[in-house]
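All remarks here apply to the structure that follows.
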Amino acid sequence: MERRVYIETYGCQMNEHDTERILRLLEASHYLETKDAQEADFILINTCSVREKPEHKVYSALGRYKWLKEKRGAIIGVAGCVAQQEGDKLLDRVPYLDMVIGTHAIPMLPQLLKKIEFSGQRVCETGFDPEGNYLKTILPPKPLDKVKSYVTIMQGCDHFCSFCIVPYVRGREQSRSSREIIEEVRHLAEMGIKEICLLGQNVNGYGKGLEEEISFSELLERINQIEGIERIRFTTSHPKDFSEKLIQAFSKLPKLCEHIHLPFQSGSDKILKAMHRGYTKESYLKKIDHLKEVCPSIALTADVIVGFPGEEEKDFEETLDLLRKVQYDDLFSFKYSPRKGTQAVQFMDKVEEKVKQERLSTLQEIQKEVTLRKNQELEGRVKEVLVEGRSRQSAQDVAGRTRSNKIVNFEGNLELVGQLVPVRITKAYPHSLRGEIIPTHCRLENTPAYQQAGIGE
Ligand code: SAM
Ligand code: SF4
């Protein structure tokens, strides 16, 4: 009998991808996705505990769905980082919760669901899997209607930055074999996927612990050869392990997109040391300068934390200085959020909430201008856009992304989805670009319209 599953996802791309994997797994057990919680037989909240705010959302979400348990007997579960962290305590705290499933237990989901369906027993599964079986491929059983897909290449983290919960809730670094990754990418290419994003908390650590000798840049080289895949991206890279070989890959591998997300967290050496990041402001800037030499068109984004314990005004000034020097295309900025079990919770010199908020606003104001200016630099240029689907802004428009990962909206029909098309950028906005497609008859490389702006620059 067919059943319905509704999944609410919080947090990062890793969680979004886990949700996709869960949906594929459940499809084989006759659970189909619904976007309407009210008709679901199974409601799963896939959680994030990297910061306090997403963690709190779990409890309000559970409160929202309590009546569906009472009225329809829906099975209610919590997955992801909060599940991993809280385990049985969640079952104690929320009497109508049926399932707690940790980050390594995803493959067990169908059998746990069966157990609940037949016995009504509540279950909690939060063990770590040292064999890495939880990373195994879960292939989509039917063609996807999408043009891009995530592919997990490794999980966990060995870095233990003093502010971060990830190593505790995702476990130690574990890489998937290159054979399995290549197989999955080939399969996705056969299904029409054009762009893949390789996922890991620290992709530069790829290969550690595998029997084969392979580095992340070698993996990229192999994926670059797979027919049908037009674009490769990855996230996230740690600046400490950002190698020369990886920098060179940006000029060597034609499918590797000119965009990198390289979190710096702080511009102050004192704070970077307290965070255990393993690099200095100068060494970070050196790598960025070198990357810009090797690949002048590279788009840069990063994560930064303000208000880490001990951050004084002069430390914050160093962060602003780094920001001004690099000129990021976009920035993900966070107020430091103390996480139970991490080292930084015990640090003295906490920064007042009001000061954190002021620093966050100052930083975001500066970045807003830079982002807009960077987007404006593209006005008049022709860019290759991979069309992803209908634009959110208008039914007459489609939307896609440049190789530098900027969203472009332009007039066009859905037949363009999945195609790489040249688009002239006509207007820049803070979060997107507006453009017009270069008509087919103008696309020959010797026509002025195509050459003028230098596509792909
Ligand atoms: N592995 C990536 C790296 O090392 O750059 C980051 C992964 S983490 C899930 C994503 C981002 O969340 C971090 O880069 C950091 O800026 C932010 N973050 C992590 N812990 C945080 C905390 N306790 N408070 C505020 N932001 C935090
Ligand atoms: Fe967290 Fe640091 Fe690992 Fe990134 S590298 S996941 S910030 S511990």
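None of the figures in this text is laboratory data; all of them are computed from the coordinates on show. Bear in mind the structure is a predicted one, so any value in this text is a computation, not a measurement. Heads up, the Cβs are rebuilt from the backbone with ideal geometry, glycines too, and the neighbour counts pull from every protein chain shown.
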For the chain, what is the per residue volume of the convex hull drawn over the alpha-carbon atoms, in cubic angstrom?
155
At 20 °C and 1.002 mPa s, grab the translational diffusion coefficient of region 218-374 from Stokes-Einstein with a Kirkwood Rh over Cα pairs, rounded to a whole number in µm² per second.
128
If you build the Cα gyration tensor of region 314-353 and take the root of 5 times each eigenvalue, what three semi-axes come out, in whole angstrom, biggest first?
25, 13, 8
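Per DSSP helix of 4 or more residues, -39500 (n - 2.57); summed, then divided by the residues of the chain. What does that give at 222 nm, rounded to the nearest 500? Kindly include the intermediate steps, with their values, before the conclusion.
Values: 14 runs with 160 residues, N = 457.
Helices in the chain give a 222 nm mean residue ellipticity of -10500 deg cm²/dmol.
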For residue 136, go through the aspartates and glutamates and keep the ones whose alpha-carbon is under 14 Å away, minus same-chain ones fewer than eight residues off.
18, 20, 180, 183, 184
In debye, nearest 20: dipole of region 1-45 around its Cα centre with unit charges on the Cβ of K, R (+) and D, E (-)?
100
Considering only DSSP beta bridges whose two residues both sit in the chain, what percent are antiparallel, to the nearest 5?
30
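Per the Kirkwood treatment, what hydrodynamic radius in Å, one decimal, follows for region 178-236 from the mean inverse distance over all distinct Cα pairs? Walk me through the numbers before you get to the answer.
Working: mean 1/r = 0.0846 Å⁻¹.
Here the Kirkwood hydrodynamic radius works out to 11.8 Å.
Taking Rh as the Kirkwood radius, which is the inverse of the mean 1/r over Cα pairs, what is the Rg/Rh value for region 157-206?
Numbers: Rg = 14.0 Å, Rh = 12.7 Å.
Rg divided by Rh gives 1.10.
So what's the projected area for region 1-112, the Cα convex hull averaged over all directions, in nm²?
On the way: hull surface 25.6 nm².
Projected area, direction-averaged: 6.4 nm².
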Test of understanding: ordering 198, 285 by Cβ neighbours within 10 Å, fewest first, what list do you get?
285, 198
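Grab the Cα-Cα distance for residue 372 and residue 59, subtract it from 0.36 nm times how many residues apart they are, and report the gain in nm with one decimal. Don't jump to the answer; show the numbers that get you there.
Working: separation 313, 0.36 × 313 = 112.68 nm, distance 3.69 nm.
Gain on stretching residue 372 to residue 59: 109.0 nm.
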Binned at 5 Å from 0, what are the whole-percent values of the Cα-Cα distance distribution for region 192-279, short to long?
3, 13, 22, 22, 17, 11, 6, 3, 1, 0
Let's see if you can work this out: charge +1 on each Lys and Arg Cβ, -1 on each Asp and Glu Cβ, no other charges. What is the dipole magnitude of the chain about its Cα centre, in debye to the nearest 20?
600
Please give every one of the lysines within straight-line cross-link reach of residue 292, meaning a C-alpha to C-alpha distance under 21 Å, and leave out same-chain neighbours fewer than 8 residues apart.
240, 245, 252, 255, 281, 325, 374, 383, 406
Give me the distance in nm between label points sitting 7 Å out from Cα along the Cα-to-Cβ direction at residue 158 and residue 429, one decimal.
4.5
Taking +1 at the Cβ of each Lys and Arg and -1 at the Cβ of each Asp and Glu, which of 75, 418, 99 sits farthest along the dipole of the chain towards its positive end, judged by Cα position relative to the Cα centre?
75
Part-to-part distance (alpha-carbon centres) for region 288-325 and region 419-438, which is given in Å
28
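What helices does the chain have that are whole DSSP H segments, at least 24 Å long along their own axis by Cα, and with mean Kyte-Doolittle hydropathy of 0.5 or more?
Helix filter hits for the chain: none.
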What is the distance, in nm, between label points placed 7 Å from the Cα along the Cα-to-Cβ direction at residue 218 and at residue 30?
4.7
What lysines sit close enough to residue 89 to cross-link, taking a C-alpha to C-alpha distance under 23 Å and skipping anything fewer than 8 places away on the same chain?
53, 57, 66, 69, 114, 115, 340
Strictly under 4.7 angstrom between C-beta atoms: which cysteines of the chain have no such partner?
12, 48, 81, 124, 157, 197, 257, 295, 442
Compute the convex hull volume of the Cα atoms of region 78-185, divide it by the residue count, and report the result per residue in Å³ as a whole number.
144
